[in-house]
Amino acid sequence: MVNVHCLNNIASVGLDLFSDDYNMESSYEDAQAVLVRSAKMHDMELNDHLLAIARAGAGVNNIPLDKCAEAGIVVFNTPGANANAVKEQVLAAMLLASRDLIGGNQWVAENKDNADIAKATEKAKKAFAGQELKGKKLGVIGLGAIGQLVANAAIALGMDVYGYDPYLSVNAAWNLSSKVTHIVNVEDIYKECNYITIHVPALDSTKGMINKAAFDLMQDGTIIVNCARDVLVDETAIGEALKSGRVKKYVTDFPNPTTAGMEGAIVLPHLGASTAEAEDNCAVMAVKELRNYIENGNIINSVNYPACDMGVCTATGRIAVCHKNVPAVISKITTILGDAGVNIEEMANKSRGDYAYSLFDVDKNVDDSVIDKLASIEGIIKVRVVK
């Protein structure tokens, strides 16, 4: 029986995928697998028997990735599961910034008791006039699961779309409309585009990337949309850009004391992935990732260990090893198995930065004494008999 604990509410359509071999009533302290959405785990203890954490969403800022990697705990996320929900919010954000629908709605609410409101509307509506998206230039920074959907949808709306992503994957390139203009220098996005939306992870290299230097390159009246991460935009700089008119509107999904009162900003309460469909998709993907790892040892969509997939195990046994990415570990593992009379039928070894992961399909069951010897090898973090 595998103990599973949910730190947040996870959609039942995902939890229903667990078989009777999983105990869903486990405490966190006893869990071998954890499902999480927004709960902050940085100050939480990581027990020795915890094998994996699955984040039902894309961002993993709430999980101590390095600490988990050091403990041999594989952390998964669900890239693309909420992509359509965020795409639709970005489109809504551009429309809200282009047409003063919010201001118009507030005017109607304020004048609801006016018996001549229909007549008054004809005069008042001039104050809320806006512009169309068709024919405008949209710069999409980051062409991953969400960015490519935004770019393609904007093409369908008649916008001229410029895309920037120095790490564009082959799959993303195949899915991207041929009408999207590929930009190799992000500064050209700042110079050319009327609308800019950002879809990159929060890394040291991306934090504050939309800053004063970027605003200085933009046209007056530029509209900025940020439904990715709050730290990507220098909030002091965008406040000044709004005051000067360089930026017409800033739509962000991340309220804080600075943005909440910022004149010219439309601040939404982190609604990007808040749809029933997105929550279901994330839950289903997260559970499938956990089950594949627990039952087969396969790693798909991990953020701290390398991808490694040997499919369903058809051999007599399978051993999974989390280890440091250092020389001689594999040779020491194979020596111990060979000395124990265990034949390796198939193996895979993948690395990612300082860490590596290996799977071994073997021709016989391996007893605890052999596992203990493997675990004692310098550089080994965690050894697990999958089958």
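Name the residues in the stretch 225-265 that are touching a helix residue (DSSP H, G or I) at 6+ places or on another chain (Cβ under 8 Å) and on the phi > 0 side of the Ramachandran plot, would you?
Listed by number, the list holds a single entry, G264.
Say whether the condition of being of a type in the set (D, E, K, R), out of contact with any Asp or Glu (no Cβ under 8 Å at 6 or more places or on another chain) and modelled with pLDDT of 95 or more is met by at least one residue in the stretch 137-154.
no
Restricting the stretch 15-73 to residues that are buried (at least 22 other Cβ atoms within 10 Å of the Cβ) and out of contact with any strand residue (DSSP E or B) (no Cβ under 8 Å at 6 or more places or on another chain), which is farthest from R352 (Cα to Cα)?
G57
With respect to R229, is the statement that it is in contact with a Ser or Thr (Cβ under 9 Å, 6 or more places away or on another chain) and farther than 29 Å from P79 by Cβ true?
Criteria not met by R229.
Considering only residues of the stretch 232-270 that are under 16 Å from the mean Cα position of the chain (by Cα) and modelled with pLDDT of 95 or more, which is nearest to G142 (Cα to Cα)?
Residue satisfying both the conditions and the ranking: L232.
For the stretch 26-57, what are the residues that are touching a residue at least 40 places away in the same chain (Cβ under 8 Å) and either among the aliphatic types (A, V, I, L, M) or under 15 Å from N304 (Cβ atoms) (or both)?
A33, L35, L51, A52, A54, R55, A56
Just to be sure I understand, how many residues within the stretch 313-329 are surrounded by fewer than 16 Cβ atoms within 10 Å (Cβ to Cβ) and either touching a Lys or Arg at 6+ places or on another chain (Cβ under 9 Å) or more than 11 Å from I380 (Cβ to Cβ) (or both)?
Adding up the residues that qualify gives 4.
Which of the residues spanning the stretch 206-260 are part of a loop (DSSP other than H, G, I, E, B), under 24 Å from K87 (Cα atoms) and either among the small types (G, A, S) or outside the structural domain of I189 (by TED's automatic domain parsing) (or both)?
Listed by number, the residues that qualify are G208, G221, A228, A260.
May I ask you to list pairs of residues, at least six apart or on different chains, whose Cβ atoms are under 7 Å apart, with the first in the stretch 3-22 being closer than 18 Å to A278 by Cβ and the second being surrounded by fewer than 19 Cβ atoms within 10 Å (Cβ to Cβ) and among the aliphatic types (A, V, I, L, M)?
So the pair list comes out as N8/A39; L15/M24.
Of P306, P327, which residue is within 17 Å of the chain's Cα centre (by Cα), closer than 30 Å to D354 by Cα and not basic (K, R)?
P306
Among the residues of the stretch 219-249, count how many are under 23 Å from L168 (Cβ atoms) and touching a strand residue (DSSP E or B) at 6+ places or on another chain (Cβ under 8 Å).
Residues flagged as under 23 Å from L168 (Cβ atoms) and touching a strand residue (DSSP E or B) at 6+ places or on another chain (Cβ under 8 Å) within the stretch 219-249 amount to 7.
Look at N304 and say whether it is modelled with pLDDT of 95 or more, surrounded by 14 or more Cβ atoms within 10 Å (Cβ to Cβ), farther than 24 Å from D21 by Cβ and touching a Cys at 6+ places or on another chain (Cβ under 7 Å).
yes
Determine which member of the set H323, H270 is out of contact with any strand residue (DSSP E or B) (no Cβ under 8 Å at 6 or more places or on another chain) and not hydrophobic (A, V, I, L, M, F, W, C).
H270 is the lone residue from the list that is out of contact with any strand residue (DSSP E or B) (no Cβ under 8 Å at 6 or more places or on another chain) and not hydrophobic (A, V, I, L, M, F, W, C).
Restrict the check to the stretch 86-108 and report whether at least one residue is within 22 Å of V303 (Cα to Cα), in contact (Cβ under 8 Å) with a residue 12 or more places away in the chain and either surrounded by 17 or more Cβ atoms within 10 Å (Cβ to Cβ) or over 22 Å from the mean Cα position of the chain (by Cα) (or both).
Among the residues of the stretch 86-108, at least one is within 22 Å of V303 (Cα to Cα), in contact (Cβ under 8 Å) with a residue 12 or more places away in the chain and either surrounded by 17 or more Cβ atoms within 10 Å (Cβ to Cβ) or over 22 Å from the mean Cα position of the chain (by Cα) (or both), which makes the answer yes.
Take the residues in the stretch 348-372 that are over 30 Å from the mean Cα position of the chain (by Cα) and surrounded by fewer than 18 Cβ atoms within 10 Å (Cβ to Cβ), then tell me which one is nearest to G311 (Cα to Cα).
D363
Among the strands (runs of 3 or more DSSP E) lying completely within the stretch 267-367, list those that include at least 1 residues that are of a type in the set (S, T, N, Q).
So the answer is 344-352, 355-362.
Would you confirm, using the coordinates I've provided, whether I141 is buried (at least 21 other Cβ atoms within 10 Å of the Cβ), under 23 Å from N62 (Cα atoms) and either touching a His at 6+ places or on another chain (Cβ under 7 Å) or not assigned by TED's automatic domain parsing to the domain that holds T258 (or both)?
It is false that I141 is buried (at least 21 other Cβ atoms within 10 Å of the Cβ), under 23 Å from N62 (Cα atoms) and either touching a His at 6+ places or on another chain (Cβ under 7 Å) or not assigned by TED's automatic domain parsing to the domain that holds T258 (or both).
Consider V75 carefully, then state whether it is under 15 Å from the mean Cα position of the chain (by Cα) and modelled with pLDDT of 95 or more.
Answer is yes for this residue.
The values are calculated or read from the model by the stated rules, or taken from the named source; none is laboratory data. Keep in mind that this is a model prediction, so the values were computed, not measured. A quick note on method: Cβ atoms are made from the backbone with ideal geometry, for glycine too, and the neighbour counts reach across all protein chains shown.
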